[in-house]
1. Can you tell me how many residues within the range 186-204 are within 18 Å of the chain's Cα centre (by Cα) and either touching a residue at least 60 places away in the same chain (Cβ under 8 Å) or closer than 21 Å to residue 82 by Cα (or both)?
2. If I filter the range 110-126 down to residues being assigned to a helix (DSSP H, G or I) and touching a Cys at 6+ places or on another chain (Cβ under 9 Å), which single residue comes out as farthest from residue 86 (Cα to Cα)?
3. Within the range 109-129, how many residues turn out to be surrounded by fewer than 24 Cβ atoms within 10 Å (Cβ to Cβ) and not aliphatic (A, V, I, L, M)?
4. When residue 197 is evaluated against the numbered criteria (1) modelled with pLDDT of 90 or more; (2) in contact with a helix residue (DSSP H, G or I) (Cβ under 9 Å, 6 or more places away or on another chain); (3) not in a loop (DSSP other than H, G, I, E, B), which criterion, by number, is the only one it fails?
5. Pull up the range 152-166, narrow it to residues that are farther than 23 Å from residue 213 by Cα and touching a residue at least 40 places away in the same chain (Cβ under 8 Å), then point me to the one that is surrounded by the most Cβ atoms within 10 Å (Cβ to Cβ).
6. Contact list please: Cβ distance under 6 Å, first residue in the range 167-185 and assigned to a helix (DSSP H, G or I), second residue surrounded by fewer than 18 Cβ atoms within 10 Å (Cβ to Cβ) and among the hydroxyl-bearing types (Ser, Thr, Tyr), pairs at least six apart or on different chains.
7. For the range 184-191, does any single residue satisfy the condition of being at positive phi and surrounded by 15 or more Cβ atoms within 10 Å (Cβ to Cβ)?
8. Looking only at the range 80-108, which residues are assigned to a helix (DSSP H, G or I) and surrounded by 20 or more Cβ atoms within 10 Å (Cβ to Cβ)?
Amino acid sequence: MHESRRTQAARTDEPVSAAEFIVENLALAPAAALPEISLYTAHPGSGLWRLLEAGEDDDGADPATPYWAYRWAGGTVLARHILDRPETVGGLRVLDLGAGSGVVGIAAAKAGAATVIAADVDRNAIVATGLNARANGVEIEAVCGDLTGGPAPDVDLVAVGDLFYDRDIAVRVTGFLDRCLAAGITVLVGDPGRAYLPHGRLRLLAEYPVPDFADPGNATRKPGLVYSFEGQAGENRTDRPCGHDTD
């Protein structure tokens, strides 16, 4: 295979020490509700603050909060839906927007997507995505940057897991998704009901009980919802969910 940005371990400018830290200090284990996928996940002894201190940006900016090190319900439910319904992504070019750990992109690759791009603004998330992809034997193109200010990507499907927890981010993401729809791209959203979820733009497809990041022991599960993002604002349809418990 010739050298390209699409690789089992993401090619980035991140120092090797970040990858070494993740491998040495985070636990690689099957994800809750996703036994098919193993992820590097933080635990009480991980000492993530050491990675954050070492990862200060060149311009002196504070490093990003390590959301990628924890399991979020939106990404989990979207990955579960894709694995249960591989026809959702089979043969398609998929973008995992705000990829975090890369779990949705990994699920898409496992389910038969033709190509997968995982994008995140956090360089450590990109490193983690590469490591997680390699651990699961799939190929993902990991891209560090905010795609929401740009044009629609050259893909068939955009997957958005848990990006509506902040007002400003929700506004930027919604504008980007509108450009994607205008370009004929299908958009799927996974979310447990965050504060800025655009309910009027969503059609419910499925529901699964999944753990959320606030429950590190994975003891409690809450409804995780999978939606299609629609081009016309209007009433949120609440068709009977087709999801199921995957215990």
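1. 10
2. Within the range 110-126, the subset assigned to a helix (DSSP H, G or I) is 110, 123-126.
Filter again for touching a Cys at 6+ places or on another chain (Cβ under 9 Å), leaving 123, 125-126.
Details: 123: 29, 125: 25, 126: 24 Å.
It comes out as 123.
3. Residues that pass the stated criteria total 5.
4. (3)
5. Among those residues, the one meeting the criterion is 155.
6. From the range 167-185, the pairs are 167/196; 170/196.
7. The initial filter retains those residues of the range 184-191 that are at positive phi, namely 184.
Next, from what is left, pick out any that are surrounded by 15 or more Cβ atoms within 10 Å (Cβ to Cβ): none.
Within the range 184-191, none of the residues are at positive phi and surrounded by 15 or more Cβ atoms within 10 Å (Cβ to Cβ).
8. Keep residues of the range 80-108 that are assigned to a helix (DSSP H, G or I), which gives 80-84, 86-88, 103-108.
Passing the criteria: 80, 81, 82, 83, 88, 103, 104, 105, 106, 107, 108.
The values are calculated or read from the model by the stated rules, or taken from the named source; none is laboratory data. Only a predicted model underlies this, so the values are computations on that prediction, with no experimental measurement involved. Reconstructed Cβ throughout: ideal geometry from the backbone, glycine too, with neighbour counts over all protein chains shown.
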